[in-house]
Amino acid sequence: MYQNTASLSRVVQESVELSDAHCHLNLFENPEAALKESIAGGLRVILATGGSALDNAQVGELARRSEIVFGIVGISPDFAQSDAYAIDSLEEMVKKNDKIIGIGEIGLDFKVAKSEKDLFEQMAAFERQIEIAGALGLPVVIHSRGSLSEVIETLDKHKVKRAMFHFFEGDRFQAKEIEKRGWLISVPPVENKNRKEAIREINVKNIVVETDSPVVGKTPLDVKRSLEMISRIKGTGVAQLAKVTTENLREFFYI
């Protein structure tokens with residue numbers, strides 16, 4: 001769709017650090033093989049993200065075993081009912097594993113909510129995890145579908161300083177609001193009109209790249225597709241974007 005073999009190859013040839021700000025490494029059939037392939041292709045930072053009690057445990061263990069993998073743990077809106085019991089264990093999990101560097105993916109998903117009760121439980125889980133992240137001094141990684149205004153309002157209510165918006169779906173105005181607060185948008189390898197306008201509008205210092213693999217991207221190396229898309233929109237070289245987005249991720253998460 002936006003493949004440019006020459007520019008993508010240069011990213012690896014120039015030995016630039018690549019980073020994947022959001023993937024589900026534990027969901028690969030063979031996480032170790034996926035990781036090995038990623039490292040060979042230039043990945044130097046991978047944020048492996050949970051969302052359920054089981055995912056969190058697996059992500060934490062993967063982070064322990066690899067120097068380049070860092071864990072993000074939390075209960076996503078999809079599991080706000082079934083796994084709410086696990087929220088109170090997040091703090092202990094973080095304290096026992098120094099490779100866990102954020103709480104996520106958390107937020108609101110109006111597309112999966114079937115009732116007012118569902119929405120109430122999503123919000124309760126979201127706010128409780130924001131409080132835990134605040135107590136631990138950790139950033140939050142946001143899952144938001146059809147709910148971005150409400151998510152921003154909730155983060156403001158809790159005075160959240162560091163938030164990364166996974167698979168950013170908002171418009172350019174919402175992107176500017178995020179930029180104004182010093183937060184990050186994370187760009188997946190999927191192009192649409194709103195995402196292009198948002199990327200064009202905000203400073204590259206507020207952008208990171210992700211794959212959401214294996215759910216969306218096939219591999220963490222699909223960050224190259226995200227970089228190529230941003231390169232065309234911003235008119236900036238792919239290698240330079242790889243460098244900046246990785247620096248953004250390291251600085252934001254203190255890694």
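Each reported figure results from applying straightforward, stated rules to the coordinates on display, with no laboratory input. Every value quoted in this text rests on a predicted model; they were computed, and no experiment measured them. Don't worry about glycine lacking a Cβ; one is built from the backbone with ideal geometry, like all the others, and counts go over all protein chains shown.
Things to note:
- Restricting the stretch 133-162 to residues that are crowded, with 20+ Cβ neighbours inside 10 Å and of a type in the set (Gly, Ala, Ser), the residue that is nearest to PHE120 (Cα to Cα) is SER147.
- Number of positions in the stretch 131-158 that are of a type in the set (Ser, Thr, Tyr), in contact with a Leu (Cβ under 9 Å, 6 or more places away or on another chain) and assigned to a helix (DSSP H, G or I): 1
- Unmet requirement for LYS224, which otherwise passes all of (1) crowded, with 17+ Cβ neighbours inside 10 Å; (2) within 14 Å of the chain's Cα centre (by Cα): (2)
- The single residue among SER144, SER82, SER115 that is hydroxyl-bearing (Ser, Thr, Tyr), over 23 Å from SER66 (Cβ atoms) and touching a Gly at 6+ places or on another chain (Cβ under 8 Å) turns out to be SER144.
- Any hit, the stretch 221-240, residues being in contact with a Phe, Trp or Tyr (Cβ under 6 Å, 6 or more places away or on another chain) and over 23 Å from ILE75 (Cβ atoms): yes
- When the stretch 108-122 is filtered for residues that are assigned to a helix (DSSP H, G or I) and under 18 Å from GLY50 (Cα atoms), only GLN122 remains.
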